[in-house]
1. When the accessible area of the chain is split by element with a 1.4 Å probe, what percent falls to carbon and sulfur?
2. Would you compute, from DSSP H runs of 4+ residues alone, the mean residue ellipticity of the chain at 222 nm, taking -39500 (n - 2.57) per run and dividing by the full residue count, rounded to the nearest 500?
3. Under 14 Å Cα-Cα from Lys86, which aspartates and glutamates qualify once same-chain neighbours fewer than 8 residues away are excluded?
4. Rounded if a/c is under 1.5, else prolate if a/b is larger than b/c, else oblate: which is region 95-173, with a ≥ b ≥ c the root eigenvalues of its Cα gyration tensor?
5. Hey, can you grab everything whose amide H is under 5 Å from the amide H of Met142? Only 5+ residues off in sequence or another chain; H modelled, so Pro and N-termini drop out.
6. Which entry is the computed log10 I(q)/I(0) by the Debye sum over Cα atoms at q = 0.08, 0.16 Å⁻¹ for this structure: (i) -0.35, -1.17; (ii) -0.39, -1.03; (iii) -0.21, -0.90?
7. Taking θ as phi - 60°, what are the ³J(HN,Hα) couplings along region 172-180 by the Karplus curve (6.51, -1.76, 1.60), each to the nearest whole Hz, with x for Gly and Pro?
8. So which aspartates and glutamates pass the test for Lys26, namely a Cα distance under 17 Å, with those fewer than 8 places away in the same chain ruled out?
Amino acid sequence: MKHRNDAGLAAAELALAVEAAVLATKADDTVGTTGHLVLQPNAVNSVPRHAHMEIDIRDIDEARRDGVVSTVMGAARRIAARRGVKLERMELVNADPPARCSSMVTSAISSAVDELGLSHRRMVSRAYHDALFMARVAPTGMIFIPCRGGVSHRPDEFTSKANLANGVRVLALTLAKLSLQ
């Protein structure tokens, strides 16, 4: 084992380094995901000679996010050197600045929800929604509706017709309120 140059173990260690870098911030708004990992030759009895992984790091604080990205990139270099694997490519795909929702829009959403007698809570979304880009050109907000078990962005996501209808009602009333401003 000590003479192997196992790209799979290097990738696993890097995934754990992502978790450690995120947790080191002690910020609930910093998240990291290693959601894509491909090992080759992809055989149970062959030492992986190649690993391709994609890491997603998000935060509402751009400087903190950039610090985590830097920490992870440094960890990748150190892990590759220590494990004797070649780090062929490390690419930053994007580093879009976080977007803030407009208080005018979020207030209108809260008012609509209250008027309709529905429960709600404010949430931070770290996902890449269109709102990230729309916030650059117009006041923006987002309305989320409950999903079974809190699961979203997965094939098993499910939302009841009642929750969908409530979401549409909130959106319509919010737009009506904003049209008066």
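1. Values: 6700 of 12350 Å².
Carbon and sulfur: 54 percent of the exposed surface of the chain.
2. Counting only the DSSP helices, I get -14000 deg cm²/dmol.
3. Asp6
4. Working: a/c = 2.24, a/b = 1.17, b/c = 1.92.
Oblate is the answer for region 95-173, as a/c is 1.5 or above yet b/c matches or exceeds a/b.
5. none
6. Only one listed value fits the structure, namely (ii).
7. Running phi through 6.51 cos²θ - 1.76 cosθ + 1.60 with θ = phi - 60° gives 4, 5, 4, 5, 4, 5, 5, 5, 8 Hz.
8. Asp59, Asp61, Glu62, Asp66
The values are calculated or read from the model by the stated rules, or taken from the named source; none is laboratory data. A quick note: this is a predicted structure, and the numbers were derived from the prediction, not measured. The area values use the complete protein model at the heavy-atom level, side chains included, leaving out ligands, DNA and RNA. Shrake-Rupley method; radii C 1.70, N 1.55, O 1.52, S 1.80 Å.
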